[in-house]
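Taking it in order: structure first as structure tokens, then the write-up.
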Amino acid sequence: MKVTSLTDIAVAPPGEAPSRRVAIGTFDGVHLGHREVIRANDTVLTFDPHPLAVISPEARPKLLMPYSIKRDLIAGLGVDELVVIPFDRHFADRSAEDFVESVLIGQLGAQSVSVGENFRFGKGARGTPEFLSSYAEFETRVVALVGVAGETVSSSQIRGLVAAGEVDKAAQFLGGPYLIEGEVVHGDKRGRDLGMPTANIVPDPLLVAPGHGVYAGWAHGYTAAINVGVRPTFETGRGLLIEAHLIDFEGDLYGERLRIALVERMRGEQRFESVDELVGQMQKDVEQATEICAAGP
């Protein structure tokens, strides 16, 4: 998949722009509803950062994933091109008419445009799917909200599930396991002393943090038992940390970007009265994580 900034695409003379089938959206989570909007399109047009980070920072939601994961998930849908709009105050001030005429028609040469039914764009969010449909230069496809098990799929709903630790249910709406990513940093090396070394990631404060607890999942191609929390058995003062014990892995991941898939929350985070009790529970966690991940998604 080719990744292009909108600023690198010149306005073509009338009738000479490449013909694109364009899906537009923020696509945080790339969930089942987003995938339906993207389906059968060769180009995805998205925004970075999230528009609310510029328009109304106090209302900006914590995102489900960083741009890098969003990009890779979109690539996995068979899209030919991802066009990223560097969203800033100047772009936010563009009218809906200017967006359609300059961007969709002038730069992208859209032959079709696909959006969700609740998509809004342009200054004051005055652009609507109905507004897009008024243009004869391209065909507009408006995708209804997608439902799963009687519930409407939305990024805000999935954020709530992840924050509550219900990553297995979130996966039903995402279309795959919930993914987190970050640079592996040095911790207290307590896991190594206990015989279970961990790769540690400090959560990005702009992203949703999974609910505190111990999860089964995958990391770096290995089954993993992952703790999200503050390690109450020890007085560390380090704050929230994601600690992944990669089962049967030997090596050093410090400084590398590690992507972790959370499959199921096995238990809540708890304080143990002794180190021996903690180690015993960690061994049970490893066994349970192995069983869960062996069962498949």
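Please treat every number below as a calculation from the coordinates, not as lab data. In this text the structure is predicted, and so the values were computed from the model without any measurement. Here Cβ is always computed from backbone atoms with ideal geometry, including for glycine, and neighbour counts include all displayed protein chains.
Using a Förster distance of 51 Å, how high is the FRET efficiency between SER102 and TYR254, based on the Cβ-Cβ distance and rounded to 0.05? Intermediate results must be reported in sequence, preceding the final value.
On the way: r = 46 Å, r/R0 = 0.90.
That pair, SER102 with TYR254, gives E of 0.65.
If you project the alpha carbons of the chain onto the principal axes, what extent comes out on each, in Å, largest first?
Projected onto its principal axes, the Cα set of the chain covers 72, 37, 34 Å.
Taking the simple approach of a point 7 Å from Cα along Cα-to-Cβ for both ASN118 and GLU16, what is their distance in nm?
4.2 nm
If amide H atoms are built 1.01 Å from N in the plane of the peptide, which residues on other chains or at least 5 residues away come under 5 Å of the amide H of HIS220?
Under 5 Å from the amide H of HIS220: ARG259.
At a Cα cut-off below 23 Å, give the lysines reachable from LYS62, other chains included and same-chain residues fewer than 8 away excluded.
LYS70, LYS123, LYS169
Can you list the residues of region 18-32 with backbone N under 15 Å from a point 7 Å past the Cα of GLU137, pointing along Cα to Cβ?
Label zone hits: 18-22.
Once every DSSP H run of n ≥ 4 in the chain is given -39500 (n - 2.57) and the sum is divided by its residues, what mean residue ellipticity at 222 nm do you get, rounded to the nearest 500 deg cm²/dmol?
Working: 9 runs with 71 residues, N = 297.
That calculation yields -6500 deg cm²/dmol at 222 nm.
Pop the C-beta distance of SER68 and ASP8 into the FRET formula with R0 = 22 Å and round what comes out to the nearest 0.05. Spell out each step's value before the answer.
Details: r = 19 Å, r/R0 = 0.88.
Between SER68 and ASP8 the formula returns 0.70.
Which chymotrypsin sites (Phe, Trp or Tyr not before Pro) in region 10-82 sit in a loop by DSSP (not H, G, I, E or B) and have at most 14 other Cβ atoms within 10 Å of their own Cβ?
Numbers: sites: PHE27, PHE47, TYR67; in loops: PHE27.
When the chymotrypsin sites (Phe, Trp or Tyr not before Pro) of region 10-82 are filtered for loop state and at most 14 Cβ neighbours within 10 Å, nothing remains.
At what distance in angstrom do the alpha carbon centres of region 120-162 and region 1-63 lie from each other?
13 Å
To the nearest 0.05, how large is the calculated FRET efficiency for ALA163 and ALA125 if R₀ is 25 Å and r is the Cβ-Cβ distance?
Values: r = 26 Å, r/R0 = 1.05.
That gives a FRET efficiency of 0.45.
For SER95, what residues show an amide H to amide H distance below 5 Å, using hydrogens built from the backbone and excluding near sequence neighbours?
Amide H to amide H, under 5 Å and 5 or more residues apart or across chains, SER95 pairs with LYS123.
Is the C-alpha gyration tensor of region 2-145 telling us rounded, prolate or oblate? Criteria: a/c under 1.5 is rounded; beyond that, a/b larger than b/c is prolate, otherwise oblate. The partial results should precede the final answer.
Numbers: a/c = 1.35, a/b = 1.16, b/c = 1.16.
Judged from the Cα gyration tensor, region 2-145 comes out rounded (a/c under 1.5).
By how many nm would the segment from GLU181 to ALA75 lengthen if fully extended, with 0.36 nm per residue of separation less the alpha-carbon distance? Write out the running numbers ahead of the final one.
Details: separation 106, 0.36 × 106 = 38.16 nm, distance 1.71 nm.
Result: 36.4 nm gained on full extension.
How much length is gained if the chain between ASP42 and LEU145 is pulled fully straight, taking 0.36 nm per residue apart and subtracting their Cα-Cα distance, in nm to one decimal? Can you show the working numbers first?
Numbers: separation 103, 0.36 × 103 = 37.08 nm, distance 2.12 nm.
In short, 35.0 nm is gained.
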